[in-house]
Amino acid sequence: MKRIVIILVIALSSFNAAFGQDVLDVLGVNLLLFGGDRKAISTTVDILPVAILDVEPEDGALLSGGVVEQEAGMPVLTGLPENLWINFTYRASNFQPARIYVSTNQPVPAGMVLKVEIVQVGANGSFPNNPRAGEVILSQTEQVIVYDFANGYTGDGVGSGYKLKYTLENPNSQSLPVGFQVIYRIG
Amino acid sequence: MKRYILIILFLNASISKARSQILPGTLNVTGASSITQTIDDLVKEAGEDDNVVSFESEIDTNVVSYILDPLLDPLTLGLIDSEATCRANIFRFSVYMHTNNAPQNVVIEAKTFFNAGDRYPGLIAYDLLLSPLLGPRNLYPWRGGGYIELPNSGRRAVKVFEFIGCRTNIPVQFRVKASSLAVSGTENFEIVYTVLGSVL
(Lines give C-alpha, C1' and ligand atoms only; values in the text may rest on other atoms or scores of the structure.)
Protein backbone atom coordinates (compact mmCIF):
# COMPACT_ATOMS: atom_id res chain seq x y z
CA MET A 1 0.00 0.00 0.00
CA LYS A 2 2.88 2.32 0.85
CA ARG A 3 4.36 1.73 -2.58
CA ILE A 4 1.11 2.68 -4.28
CA VAL A 5 0.96 5.88 -2.28
CA ILE A 6 4.56 6.67 -3.20
CA ILE A 7 3.84 6.04 -6.88
CA LEU A 8 0.81 8.28 -6.75
CA VAL A 9 2.74 11.02 -5.00
CA ILE A 10 5.48 10.84 -7.62
CA ALA A 11 2.93 10.88 -10.44
CA LEU A 12 1.09 13.84 -8.98
CA SER A 13 4.36 15.65 -8.31
CA SER A 14 5.32 15.22 -11.94
CA PHE A 15 1.97 16.61 -12.97
CA ASN A 16 2.38 19.60 -10.70
CA ALA A 17 5.90 20.20 -11.94
CA ALA A 18 4.62 20.27 -15.49
CA PHE A 19 1.43 22.22 -15.06
CA GLY A 20 0.72 23.37 -11.53
CA GLN A 21 3.83 25.30 -10.54
CA ASP A 22 4.70 28.84 -11.44
CA VAL A 23 7.33 27.95 -14.05
CA LEU A 24 6.51 26.81 -17.58
CA ASP A 25 8.75 25.23 -20.19
CA VAL A 26 7.59 27.39 -23.07
CA LEU A 27 8.92 25.15 -25.81
CA GLY A 28 7.63 21.99 -24.21
CA VAL A 29 3.94 22.85 -24.00
CA ASN A 30 1.43 22.13 -26.76
CA LEU A 31 -1.16 24.87 -26.75
CA LEU A 32 -3.41 23.03 -29.18
CA LEU A 33 -3.58 20.09 -26.82
CA PHE A 34 -3.82 21.99 -23.56
CA GLY A 35 -5.85 24.98 -24.75
CA GLY A 36 -4.50 28.48 -24.59
CA ASP A 37 -2.62 30.87 -26.77
CA ARG A 38 0.58 32.87 -27.00
CA LYS A 39 1.33 36.43 -28.05
CA ALA A 40 4.52 38.45 -28.17
CA ILE A 41 4.45 42.22 -27.99
CA SER A 42 7.35 44.47 -28.99
CA THR A 43 8.51 46.79 -26.26
CA THR A 44 11.23 49.38 -25.81
CA VAL A 45 13.04 50.41 -22.67
CA ASP A 46 14.84 53.76 -22.49
CA ILE A 47 17.79 53.83 -20.10
CA LEU A 48 19.62 57.04 -19.20
CA PRO A 49 23.35 57.54 -18.82
CA VAL A 50 24.57 58.37 -15.30
CA ALA A 51 27.81 59.81 -13.94
CA ILE A 52 28.08 60.70 -10.26
CA LEU A 53 30.92 60.60 -7.76
CA ASP A 54 31.66 61.62 -4.23
CA VAL A 55 34.43 61.33 -1.71
CA GLU A 56 33.84 59.34 1.45
CA PRO A 57 33.61 59.96 4.37
CA GLU A 58 31.09 62.57 3.31
CA ASP A 59 32.91 65.75 4.20
CA GLY A 60 32.20 67.27 0.81
CA ALA A 61 28.99 68.41 -0.84
CA LEU A 62 27.59 66.88 -4.02
CA LEU A 63 26.88 69.58 -6.59
CA SER A 64 24.93 69.34 -9.78
CA GLY A 65 26.88 68.12 -12.76
CA GLY A 66 28.72 65.44 -10.84
CA VAL A 67 31.28 67.76 -9.21
CA VAL A 68 32.50 66.98 -5.73
CA GLU A 69 34.23 69.44 -3.45
CA GLN A 70 36.54 68.18 -0.77
CA GLU A 71 37.49 70.71 1.88
CA ALA A 72 41.24 70.74 2.20
CA GLY A 73 41.83 73.86 4.27
CA MET A 74 41.69 72.39 7.75
CA PRO A 75 44.05 69.49 7.23
CA VAL A 76 47.01 71.84 6.76
CA LEU A 77 46.71 72.81 10.39
CA THR A 78 45.55 69.54 11.82
CA GLY A 79 47.12 67.02 9.46
CA LEU A 80 46.24 65.91 5.94
CA PRO A 81 43.02 63.96 5.42
CA GLU A 82 43.47 60.24 5.50
CA ASN A 83 41.40 57.28 4.40
CA LEU A 84 39.43 59.21 1.79
CA TRP A 85 37.83 57.19 -0.99
CA ILE A 86 36.38 58.19 -4.36
CA ASN A 87 33.06 56.44 -5.04
CA PHE A 88 31.41 56.63 -8.43
CA THR A 89 28.58 55.23 -10.50
CA TYR A 90 28.90 55.42 -14.26
CA ARG A 91 26.80 54.40 -17.24
CA ALA A 92 28.12 55.73 -20.53
CA SER A 93 26.32 57.71 -23.17
CA ASN A 94 27.02 56.20 -26.59
CA PHE A 95 29.69 53.93 -25.10
CA GLN A 96 31.86 56.99 -24.33
CA PRO A 97 34.45 56.08 -21.65
CA ALA A 98 34.77 58.34 -18.63
CA ARG A 99 37.69 59.80 -16.72
CA ILE A 100 38.01 61.31 -13.27
CA TYR A 101 39.77 64.66 -13.06
CA VAL A 102 41.19 66.55 -10.11
CA SER A 103 41.91 70.27 -9.70
CA THR A 104 41.77 73.06 -7.09
CA ASN A 105 39.42 76.01 -6.93
CA GLN A 106 42.22 78.45 -6.05
CA PRO A 107 45.94 78.57 -6.77
CA VAL A 108 48.12 76.64 -4.35
CA PRO A 109 50.24 79.32 -2.59
CA ALA A 110 53.76 79.78 -3.89
CA GLY A 111 56.21 77.70 -1.90
CA MET A 112 53.67 74.95 -1.23
CA VAL A 113 53.26 71.71 -3.20
CA LEU A 114 50.08 69.72 -2.62
CA LYS A 115 49.90 66.25 -4.15
CA VAL A 116 47.32 63.48 -4.30
CA GLU A 117 47.75 59.86 -5.27
CA ILE A 118 45.53 56.79 -5.60
CA VAL A 119 47.11 54.22 -3.32
CA GLN A 120 44.49 51.47 -3.20
CA VAL A 121 41.57 50.10 -5.20
CA GLY A 122 38.54 48.76 -3.34
CA ALA A 123 37.15 45.32 -4.01
CA ASN A 124 33.48 46.24 -3.79
CA GLY A 125 31.10 46.97 -6.64
CA SER A 126 31.86 46.13 -10.25
CA PHE A 127 34.05 48.48 -12.21
CA PRO A 128 37.06 48.40 -14.53
CA ASN A 129 39.82 50.13 -12.57
CA ASN A 130 42.34 52.27 -14.37
CA PRO A 131 43.98 54.65 -11.86
CA ARG A 132 46.84 56.96 -12.71
CA ALA A 133 50.10 55.69 -11.24
CA GLY A 134 52.04 58.11 -9.09
CA GLU A 135 51.33 61.50 -7.57
CA VAL A 136 49.40 64.34 -9.14
CA ILE A 137 50.65 67.83 -8.25
CA LEU A 138 47.47 69.78 -7.70
CA SER A 139 46.71 73.05 -9.45
CA GLN A 140 43.74 74.85 -10.91
CA THR A 141 44.32 72.96 -14.15
CA GLU A 142 42.30 69.73 -14.33
CA GLN A 143 44.43 66.59 -14.44
CA VAL A 144 43.41 62.99 -14.96
CA ILE A 145 43.56 60.86 -11.84
CA VAL A 146 41.58 57.90 -13.28
CA TYR A 147 41.96 57.10 -16.96
CA ASP A 148 39.32 55.84 -19.38
CA PHE A 149 36.83 53.42 -17.90
CA ALA A 150 33.50 51.92 -18.96
CA ASN A 151 30.27 51.30 -17.06
CA GLY A 152 30.50 50.36 -13.43
CA TYR A 153 29.92 51.19 -9.79
CA THR A 154 32.37 51.11 -6.93
CA GLY A 155 30.17 50.43 -3.96
CA ASP A 156 29.37 53.12 -1.43
CA GLY A 157 31.43 54.32 1.49
CA VAL A 158 34.93 54.05 2.91
CA GLY A 159 36.77 51.07 1.48
CA SER A 160 35.02 51.29 -1.91
CA GLY A 161 36.44 52.75 -5.10
CA TYR A 162 39.80 54.53 -5.03
CA LYS A 163 41.69 55.42 -1.85
CA LEU A 164 43.36 58.85 -1.90
CA LYS A 165 46.56 59.91 -0.20
CA TYR A 166 47.49 63.59 0.11
CA THR A 167 51.02 64.83 0.71
CA LEU A 168 52.09 68.41 1.29
CA GLU A 169 55.47 70.07 0.92
CA ASN A 170 55.26 73.23 3.02
CA PRO A 171 58.75 74.39 4.04
CA ASN A 172 57.51 77.86 5.04
CA SER A 173 54.64 76.54 7.18
CA GLN A 174 52.06 78.52 5.25
CA SER A 175 48.32 77.97 5.40
CA LEU A 176 46.07 77.28 2.47
CA PRO A 177 43.72 80.19 1.76
CA VAL A 178 40.24 80.24 3.26
CA GLY A 179 37.79 78.34 1.05
CA PHE A 180 40.49 76.30 -0.64
CA GLN A 181 39.03 73.18 -2.18
CA VAL A 182 40.12 70.13 -4.13
CA ILE A 183 37.62 69.31 -6.85
CA TYR A 184 36.99 65.89 -8.42
CA ARG A 185 34.96 65.60 -11.61
CA ILE A 186 33.76 62.57 -13.55
CA GLY A 187 33.17 62.99 -17.23
CA MET B 1 3.30 -4.58 -10.41
CA LYS B 2 0.68 -4.69 -13.15
CA ARG B 3 -1.72 -2.91 -10.84
CA TYR B 4 0.74 -0.10 -10.27
CA ILE B 5 1.30 0.37 -13.98
CA LEU B 6 -2.45 0.39 -14.54
CA ILE B 7 -2.88 3.02 -11.85
CA ILE B 8 -0.27 5.25 -13.43
CA LEU B 9 -1.68 4.75 -16.92
CA PHE B 10 -5.14 5.54 -15.65
CA LEU B 11 -3.93 8.65 -13.88
CA ASN B 12 -1.99 9.80 -16.90
CA ALA B 13 -4.94 9.15 -19.20
CA SER B 14 -7.22 11.08 -16.90
CA ILE B 15 -4.93 14.06 -16.92
CA SER B 16 -4.56 13.98 -20.68
CA LYS B 17 -8.29 13.66 -21.10
CA ALA B 18 -8.91 16.57 -18.76
CA ARG B 19 -6.51 18.77 -20.67
CA SER B 20 -7.81 17.75 -24.04
CA GLN B 21 -11.22 19.10 -23.01
CA ILE B 22 -9.92 22.66 -22.95
CA LEU B 23 -11.45 24.59 -25.79
CA PRO B 24 -9.31 26.79 -28.02
CA GLY B 25 -9.21 30.49 -27.31
CA THR B 26 -7.56 33.69 -28.46
CA LEU B 27 -5.22 35.88 -26.47
CA ASN B 28 -5.20 39.57 -27.27
CA VAL B 29 -2.57 41.97 -25.92
CA THR B 30 -2.72 45.70 -26.64
CA GLY B 31 -1.29 48.87 -25.22
CA ALA B 32 1.68 51.18 -25.28
CA SER B 33 5.03 49.53 -25.52
CA SER B 34 7.59 51.83 -23.97
CA ILE B 35 9.11 51.95 -20.50
CA THR B 36 11.18 55.07 -19.90
CA GLN B 37 13.66 55.98 -17.19
CA THR B 38 13.60 59.62 -16.07
CA ILE B 39 16.27 61.57 -14.22
CA ASP B 40 14.30 61.11 -11.00
CA ASP B 41 14.69 57.35 -11.45
CA LEU B 42 18.49 57.43 -11.34
CA VAL B 43 20.64 56.38 -8.41
CA LYS B 44 21.38 59.32 -6.11
CA GLU B 45 24.26 57.93 -4.05
CA ALA B 46 27.59 57.66 -5.85
CA GLY B 47 29.00 54.15 -5.72
CA GLU B 48 25.67 52.36 -5.56
CA ASP B 49 24.45 50.38 -8.53
CA ASP B 50 21.66 52.07 -10.47
CA ASN B 51 19.47 49.02 -9.93
CA VAL B 52 18.89 50.00 -6.29
CA VAL B 53 16.20 52.25 -7.75
CA SER B 54 13.65 51.21 -10.34
CA PHE B 55 11.21 52.76 -12.73
CA GLU B 56 7.68 51.73 -13.62
CA SER B 57 5.47 51.84 -16.65
CA GLU B 58 1.88 53.00 -16.57
CA ILE B 59 -0.43 50.68 -14.65
CA ASP B 60 -2.05 49.54 -17.92
CA THR B 61 0.91 49.51 -20.25
CA ASN B 62 -0.39 46.23 -21.62
CA VAL B 63 -4.04 45.21 -21.62
CA VAL B 64 -4.71 41.48 -21.86
CA SER B 65 -7.89 39.68 -22.91
CA TYR B 66 -8.57 36.02 -23.39
CA ILE B 67 -11.81 34.59 -24.76
CA LEU B 68 -12.74 31.20 -26.16
CA ASP B 69 -13.08 30.88 -29.91
CA PRO B 70 -16.45 30.41 -31.62
CA LEU B 71 -17.49 26.77 -31.93
CA LEU B 72 -19.24 24.82 -34.64
CA ASP B 73 -22.52 23.43 -33.31
CA PRO B 74 -22.56 19.76 -34.38
CA LEU B 75 -26.37 19.67 -34.38
CA THR B 76 -27.21 22.80 -36.34
CA LEU B 77 -23.81 23.25 -38.05
CA GLY B 78 -24.13 26.88 -37.06
CA LEU B 79 -21.50 28.88 -35.17
CA ILE B 80 -21.72 29.32 -31.42
CA ASP B 81 -20.15 32.70 -30.78
CA SER B 82 -17.41 33.40 -28.24
CA GLU B 83 -19.78 34.93 -25.71
CA ALA B 84 -21.97 31.84 -25.64
CA THR B 85 -18.94 29.56 -25.55
CA CYS B 86 -17.47 31.48 -22.61
CA ARG B 87 -20.84 31.37 -20.85
CA ALA B 88 -21.07 27.59 -21.10
CA ASN B 89 -17.44 26.58 -20.58
CA ILE B 90 -15.53 27.65 -17.51
CA PHE B 91 -11.82 26.89 -17.26
CA ARG B 92 -8.91 28.08 -15.20
CA PHE B 93 -6.45 30.07 -17.27
CA SER B 94 -2.89 30.64 -16.13
CA VAL B 95 -0.88 33.44 -17.70
CA TYR B 96 2.86 32.90 -17.96
CA MET B 97 5.26 35.59 -19.10
CA HIS B 98 8.84 35.85 -20.26
CA THR B 99 10.95 38.15 -22.38
CA ASN B 100 13.00 37.65 -25.52
CA ASN B 101 16.16 39.62 -26.17
CA ALA B 102 15.82 41.86 -23.13
CA PRO B 103 18.93 44.00 -22.62
CA GLN B 104 21.69 42.56 -20.46
CA ASN B 105 21.96 43.68 -16.84
CA VAL B 106 18.34 44.81 -16.87
CA VAL B 107 15.60 43.15 -14.81
CA ILE B 108 12.04 43.33 -16.19
CA GLU B 109 9.20 42.65 -13.75
CA ALA B 110 5.44 42.50 -14.26
CA LYS B 111 2.33 42.51 -12.12
CA THR B 112 -1.40 43.00 -12.09
CA PHE B 113 -3.78 43.26 -9.16
CA PHE B 114 -6.49 41.14 -7.60
CA ASN B 115 -9.60 40.91 -9.77
CA ALA B 116 -8.15 43.21 -12.42
CA GLY B 117 -10.07 43.28 -15.69
CA ASP B 118 -13.62 42.31 -16.53
CA ARG B 119 -15.47 39.00 -16.56
CA TYR B 120 -16.65 37.99 -19.99
CA PRO B 121 -19.60 37.80 -20.29
CA GLY B 122 -20.40 40.07 -17.36
CA LEU B 123 -22.90 37.86 -15.56
CA ILE B 124 -23.65 34.22 -16.24
CA ALA B 125 -25.45 31.37 -14.51
CA TYR B 126 -22.14 30.02 -13.19
CA ASP B 127 -21.78 33.17 -11.04
CA LEU B 128 -25.04 32.36 -9.25
CA LEU B 129 -23.97 28.89 -8.13
CA LEU B 130 -23.44 28.47 -4.41
CA SER B 131 -20.32 26.37 -4.90
CA PRO B 132 -18.99 26.92 -8.40
CA LEU B 133 -16.61 24.14 -9.40
CA LEU B 134 -13.53 26.32 -9.97
CA GLY B 135 -14.54 29.06 -7.57
CA PRO B 136 -15.72 32.54 -8.51
CA ARG B 137 -14.70 33.99 -11.85
CA ASN B 138 -11.98 36.14 -10.32
CA LEU B 139 -8.43 37.01 -11.24
CA TYR B 140 -5.70 35.99 -8.82
CA PRO B 141 -2.29 37.61 -9.13
CA TRP B 142 0.58 35.28 -8.38
CA ARG B 143 2.57 35.96 -5.21
CA GLY B 144 -0.06 38.31 -3.86
CA GLY B 145 0.17 40.91 -6.61
CA GLY B 146 3.80 41.90 -6.11
CA TYR B 147 6.17 42.32 -9.02
CA ILE B 148 7.47 39.09 -10.55
CA GLU B 149 10.75 38.98 -12.43
CA LEU B 150 10.35 37.78 -16.01
CA PRO B 151 12.97 35.30 -17.20
CA ASN B 152 14.82 36.12 -20.40
CA SER B 153 15.82 32.58 -21.27
CA GLY B 154 13.54 32.15 -24.28
CA ARG B 155 12.41 28.84 -22.88
CA ARG B 156 11.26 29.42 -19.32
CA ALA B 157 8.20 31.49 -18.40
CA VAL B 158 6.77 32.26 -14.97
CA LYS B 159 3.17 32.54 -13.90
CA VAL B 160 2.12 36.11 -13.22
CA PHE B 161 -1.61 35.63 -12.70
CA GLU B 162 -4.51 33.28 -13.30
CA PHE B 163 -8.22 33.73 -13.75
CA ILE B 164 -11.38 31.67 -13.91
CA GLY B 165 -13.49 31.94 -17.05
CA CYS B 166 -12.98 34.27 -19.99
CA ARG B 167 -11.71 37.72 -19.08
CA THR B 168 -10.96 41.01 -20.79
CA ASN B 169 -9.19 44.32 -20.11
CA ILE B 170 -6.61 42.97 -17.66
CA PRO B 171 -4.00 45.69 -17.06
CA VAL B 172 -0.37 44.68 -16.72
CA GLN B 173 2.25 47.01 -15.28
CA PHE B 174 6.02 46.72 -15.59
CA ARG B 175 8.97 47.69 -13.45
CA VAL B 176 12.55 47.91 -14.66
CA LYS B 177 15.78 47.72 -12.66
CA ALA B 178 18.73 48.73 -14.79
CA SER B 179 22.22 48.08 -13.49
CA SER B 180 24.92 50.65 -14.07
CA LEU B 181 26.51 47.96 -16.22
CA ALA B 182 23.59 48.10 -18.68
CA VAL B 183 23.95 50.02 -21.93
CA SER B 184 22.18 53.37 -22.04
CA GLY B 185 19.79 54.30 -24.82
CA THR B 186 16.75 52.64 -26.34
CA GLU B 187 16.65 48.86 -26.43
CA ASN B 188 14.00 46.74 -28.15
CA PHE B 189 12.78 43.43 -26.81
CA GLU B 190 9.69 41.22 -26.71
CA ILE B 191 7.33 40.47 -23.86
CA VAL B 192 5.72 37.07 -24.43
CA TYR B 193 2.42 36.00 -22.88
CA THR B 194 1.44 32.33 -22.77
CA VAL B 195 -2.04 31.34 -21.59
CA LEU B 196 -2.61 27.77 -20.49
CA GLY B 197 -6.02 26.33 -19.72
CA SER B 198 -6.96 23.78 -17.09
CA VAL B 199 -10.13 22.13 -15.84
CA LEU B 200 -8.64 21.72 -12.37
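Details
- Boolean, residue B:191 is modelled with pLDDT of 95 or more, more than 8 Å from every other protein chain (Cβ to nearest Cβ) and open to solvent by less than 40 Å² (accessible area, probe 1.4 Å): no
- Residue within the range B:144-161 that is open to solvent by 20 Å² or more (accessible area, probe 1.4 Å), part of a strand (DSSP E or B) and of a type in the set (S, T, N, Q) present: no
- Residues in the range B:115-143 that are open to solvent by less than 80 Å² (accessible area, probe 1.4 Å) and without any contact (Cβ under 8 Å) to a residue 12 or more places away in the chain: B:122, B:127.
- Check on residue B:174, in contact with a Pro (Cβ under 9 Å, 6 or more places away or on another chain), open to solvent by less than 20 Å² (accessible area, probe 1.4 Å) and aromatic (Phe, Trp, Tyr): no
- When the criteria are applied in full, residue A:161 meets the requirement of being within 24 Å of residue A:87 (Cβ to Cβ), within 22 Å of the chain's Cα centre (by Cα), of a type outside the set (S, T, N, Q) and at pLDDT 95 or above.
- Filtered residues of the range A:11-27 (kept if open to solvent by 60 Å² or more (accessible area, probe 1.4 Å) and either at the interface with chain B (Cβ under 7 Å from one of its Cβ atoms) or at pLDDT 75 or above (or both)): A:25, A:27
- Within the range B:62-89, the set of residues being of a type in the set (A, V, I, L, M) and over 17 Å from the mean Cα position of the chain (by Cα) comprises B:71, B:72, B:75, B:77, B:79, B:80, B:84, B:88.
- Yes/no for residue B:155 being within 11 Å of chain A (Cβ to nearest Cβ) and in contact with a Leu (Cβ under 7 Å, 6 or more places away or on another chain): yes
The values are calculated or read from the model by the stated rules, or taken from the named source; none is laboratory data. Note that the structure is a prediction, hence the values are computed from the model and not measured. Neighbour counts run over all protein chains shown; Cβ positions are idealised from the backbone, glycine included. Just the protein is used for accessible areas: all its heavy atoms, side chains included, with ligands, DNA and RNA removed. Shrake-Rupley method; radii C 1.70, N 1.55, O 1.52, S 1.80 Å.
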